[in-house]
């Protein structure tokens, strides 16, 4: 509980068999975390057995994709009547104690995004080299510029917090089921005028290899798809404003 409000963590999993048990246990060790939901998204054999050794709630999403997995977990979090939902990854890259940072800012903001681009918090061996760091920063600045937001420095950070009210407002607007889901969530927060803030998080070495950021050409193509999605949302936003203005003018 955080100030009498229920905190639920959502972990999507696909290839984290060797790290998920420890990730769940560390989350439950944080005094503010009430529940952990693990979404098995066609995960590697043996993942279920590791999760079942913990107190986490295990659910399944058959549609393959990062976005589908997280949406499934968010839906379950609402069913569990969570007041704050923290999305993270069970691959060893994020530090469980950083939930305290996210929750501290939840008093003032309905959405708190993490950033992995703060040099001092990038641990040795973390997959945040020049290409990924500045790629995420550049695309984040594109969002910041096109939508005139507060400071953004990382579009690819999974770890973030949403209040129940924020999630209820955007839950039916998701269209992405793949790896671009994170940036779509960010864009929906922005265009729905949900107050948000970005804070620096620790970023550590991953256990195993990522199917996306582990390969530069895959990460590059994802970056292009993110840019395409951002432009699409910007055009959509401008069109909606134009229609609203015409309606007001009669």
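The values are calculated or read from the model by the stated rules, or taken from the named source; none is laboratory data. Remember, predicted model here, so these are calculated numbers, not experimental data. When we count neighbours, we look across all protein chains shown, and the Cβ atoms used for this are built from the backbone with ideal geometry, even at glycine.
Residue 142 fails exactly one of the following numbered conditions: (1) within 16 Å of the chain's Cα centre (by Cα); (2) modelled with pLDDT of 95 or more. What is the number of that condition?
Answer for residue 142: the failing condition is (1).
Scan (1) touching a helix residue (DSSP H, G or I) at 6+ places or on another chain (Cβ under 9 Å); (2) more than 20 Å from residue 41 (Cβ to Cβ); (3) assigned to a loop (DSSP other than H, G, I, E, B) for the single condition residue 197 breaks and write down its number.
Of (1) touching a helix residue (DSSP H, G or I) at 6+ places or on another chain (Cβ under 9 Å); (2) more than 20 Å from residue 41 (Cβ to Cβ); (3) assigned to a loop (DSSP other than H, G, I, E, B), only one is false for residue 197: (3).
Here's the yes/no breakdown for (1) farther than 17 Å from residue 229 by Cα; (2) surrounded by fewer than 21 Cβ atoms within 10 Å (Cβ to Cβ); (3) out of contact with any strand residue (DSSP E or B) (no Cβ under 6 Å at 6 or more places or on another chain); (4) at pLDDT 95 or above:
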{"residue": "113", "(1), (2), (3), (4)": "yes, no, no, yes"}
{"residue": "118", "(1), (2), (3), (4)": "yes, yes, no, yes"}
{"residue": "124", "(1), (2), (3), (4)": "yes, yes, yes, no"}
{"residue": "166", "(1), (2), (3), (4)": "yes, no, no, yes"}
{"residue": "174", "(1), (2), (3), (4)": "no, yes, yes, yes"}
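Taking the conditions exactly as written (under 20 Å from residue 237 (Cα atoms), in contact (Cβ under 8 Å) with a residue 12 or more places away in the chain and either assigned to a helix (DSSP H, G or I) or out of contact with any strand residue (DSSP E or B) (no Cβ under 7 Å at 6 or more places or on another chain) (or both)), does residue 133 satisfy them or not?
It is false that residue 133 is under 20 Å from residue 237 (Cα atoms), in contact (Cβ under 8 Å) with a residue 12 or more places away in the chain and either assigned to a helix (DSSP H, G or I) or out of contact with any strand residue (DSSP E or B) (no Cβ under 7 Å at 6 or more places or on another chain) (or both).
Within the stretch 1-30, how many residues turn out to be loosely packed, with under 15 Cβ neighbours inside 10 Å and in contact with a helix residue (DSSP H, G or I) (Cβ under 9 Å, 6 or more places away or on another chain)?
Qualifying residue count, the stretch 1-30: 2.
Which of the following residues is in contact with a helix residue (DSSP H, G or I) (Cβ under 9 Å, 6 or more places away or on another chain), closer than 22 Å to residue 94 by Cβ and surrounded by fewer than 23 Cβ atoms within 10 Å (Cβ to Cβ): 153, 149?
Just one listed residue meets the conditions, 153.
Of all residues in the stretch 60-106 being without any contact (Cβ under 8 Å) to a residue 60 or more places away in the chain and over 18 Å from the mean Cα position of the chain (by Cα), which is nearest to residue 17 (Cα to Cα)?
Selected residue: 60.
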